Amino acid sequence: MKYSIGVDLGGTNIAVGIVDENYQIVKKGSVPTLAQRGPEPIIHDMAELCKKLLAECGVAIADVAGAGIASPGTVNPDTGIVEYANNIKFTDFPLVALFSKEMGIPEEKIRIGNDANLAALGEAVAGAAKGSKSSVMITLGTGVGGGVILDGTVLTGCAYGGAELGHMVIEKDGRQCSCGRKGCLEAYCSATALVKLTKEKFEVSPDSLMREMCENDINRVGGKTAFAAMKKGDKAGAEVVETYLSYLACGVANLINIFQPEVFTIGGGVSGEGDNLIIPLKAKVAKETYSKDNTLKSDLRIAKLGNDAGIIGAAAFATK
Ligand code: BGC
């Protein structure tokens, strides 16, 4: 059995997995990114974690089949550089060179890609889109990421800056996005945006159950607050969810109308809402997709691999 390393480098945590040839994670762990400290210490901690996990699995560094690293932003696998990331402020980050030096793994064995692109690949090889010829994924987390997989290939654009599905404008001159534009899907449908929407409702809803749930402290409002309140019958919570899902449906319908993939997966933290998200979303999307008989042709699914999608996709990308 051959083993590879899959790393999901996020703004908050660095998650690492040792992945076998069947895309099973045999060992995993994570450490905080502490993104503001700059490249060297981040890569050092990442490498230390990889070495520790490899040792625990009894795999020698020289025997590693490949190492894949998923990072937000425009990630160039030809140069090994993370050129730009709007949400964790990486600019020209020499990821592969540093990681190769720290690990003693040759650069040729290391491949980097955009986090959501690789999460989509992970879902395509081992998750909710397994067996499909075409799939699209969006990840609803700190930002909104996107990945398009066609016949097993990750669609990246001519300079690896494509498939930024979260930066599709769904409201002209709408809410400010961290990318600089206004009205992006990310500004309405990331977990960050959901918290913002919920806080706005919280402020004007003195009788909402959300108040009780958060002990009247707006700082305790999180990404799950509105959904949890809605489940308990709270009107304000339900209104937040309705607004959120309407924006999400607009974005998903746009993407289905462009790609009509066999499978469309929704991942990231907010996808943990499961049926409470996907059932009403399907109903809304069905009304907005372009198709003669108005039925939803693409199969809309919650992603299956959770936080492991990036790790598995990164490992798959490095060894393909
Ligand atoms: C970034 C993407 C990234 C996504 C998820 C977005 O803000 O622009 O590159 O994939 O967040 O991390």
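The values are calculated or read from the model by the stated rules, or taken from the named source; none is laboratory data. Keep in mind that this is a model prediction, so the values were computed, not measured. Note that we place each Cβ from the backbone using ideal geometry, even for glycine, and neighbour counts take in every protein chain shown.
Restricting attention to the stretch 116-175, report how many residues are within 13 Å of the ligand (Cβ to nearest atom) and within 15 Å of Ser298 (Cβ to Cβ).
Residues meeting the conditions: 7.
May I ask you to list the residues in the stretch 178-201 that are closer than 15 Å to Lys224 by Cα and of a type in the set (D, E, K, R)?
Lys196, Lys199, Glu200, Lys201, listed by residue number.
Across the stretch 80-113, which residue is farthest from Ala67 (Cα to Cα) among those that are of a type in the set (Lys, Arg) and assigned to a helix (DSSP H, G or I)?
My answer is Lys101.
For the stretch 176-192, enumerate the residues that are out of contact with any Cys (no Cβ under 8 Å at 6 or more places or on another chain) and without any contact (Cβ under 8 Å) to a residue 24 or more places away in the chain.
Gln176, Arg181, Lys182
In the stretch 141-159, which residues are assigned to a strand (DSSP E or B), within 24 Å of Asp92 (Cβ to Cβ) and among the β-branched types (Val, Ile, Thr)?
Val144, Val154
Please specify each residue of the stretch 59-86 satisfying the condition of being within 14 Å of the ligand (Cβ to nearest atom) and out of contact with any strand residue (DSSP E or B) (no Cβ under 8 Å at 6 or more places or on another chain).
Asn86
For the subset of the stretch 114-140 comprising residues that are within 16 Å of the chain's Cα centre (by Cα) and in a strand (DSSP E or B), which member is surrounded by the most Cβ atoms within 10 Å (Cβ to Cβ)?
Among residues in the stretch 114-140 that are within 16 Å of the chain's Cα centre (by Cα) and in a strand (DSSP E or B), the one surrounded by the most Cβ atoms within 10 Å (Cβ to Cβ) is Met137.
When you go through Ile279, Ile258, Ile218 one by one, which is the residue that is β-branched (Val, Ile, Thr) and either buried (at least 18 other Cβ atoms within 10 Å of the Cβ) or over 27 Å from Lys297 (Cβ atoms) (or both)?
Ile218
Go through (1) surrounded by fewer than 17 Cβ atoms within 10 Å (Cβ to Cβ); (2) under 18 Å from the mean Cα position of the chain (by Cα); (3) of a type in the set (Gly, Ala, Ser) for Ser291 and report which single condition fails.
(2)
If we keep just the residues of the stretch 34-58 that are assigned to a loop (DSSP other than H, G, I, E, B) and modelled with pLDDT under 95, which is nearest to the ligand (Cβ to nearest atom)? Lay out the reasoning, then the answer.
Taking the stretch 34-58 and keeping what is assigned to a loop (DSSP other than H, G, I, E, B), we get 34, 38, 58.
Still in the running and modelled with pLDDT under 95: 34, 38.
Working: Leu34: 17, Gly38: 19 Å.
If we take residues in the stretch 34-58 being assigned to a loop (DSSP other than H, G, I, E, B) and modelled with pLDDT under 95, then Leu34 is nearest to the ligand (Cβ to nearest atom).
With the condition kept exactly as written, say whether any residue in the stretch 278-296 is part of a loop (DSSP other than H, G, I, E, B), in contact (Cβ under 8 Å) with a residue 24 or more places away in the chain, within 14 Å of Ala128 (Cβ to Cβ) and not β-branched (Val, Ile, Thr).
Scanning the stretch 278-296 turns up no residue that is part of a loop (DSSP other than H, G, I, E, B), in contact (Cβ under 8 Å) with a residue 24 or more places away in the chain, within 14 Å of Ala128 (Cβ to Cβ) and not β-branched (Val, Ile, Thr).
Which one of these does Thr225 not meet: (1) under 22 Å from Ala129 (Cα atoms); (2) of a type in the set (S, T, N, Q); (3) surrounded by 21 or more Cβ atoms within 10 Å (Cβ to Cβ)?
(1)
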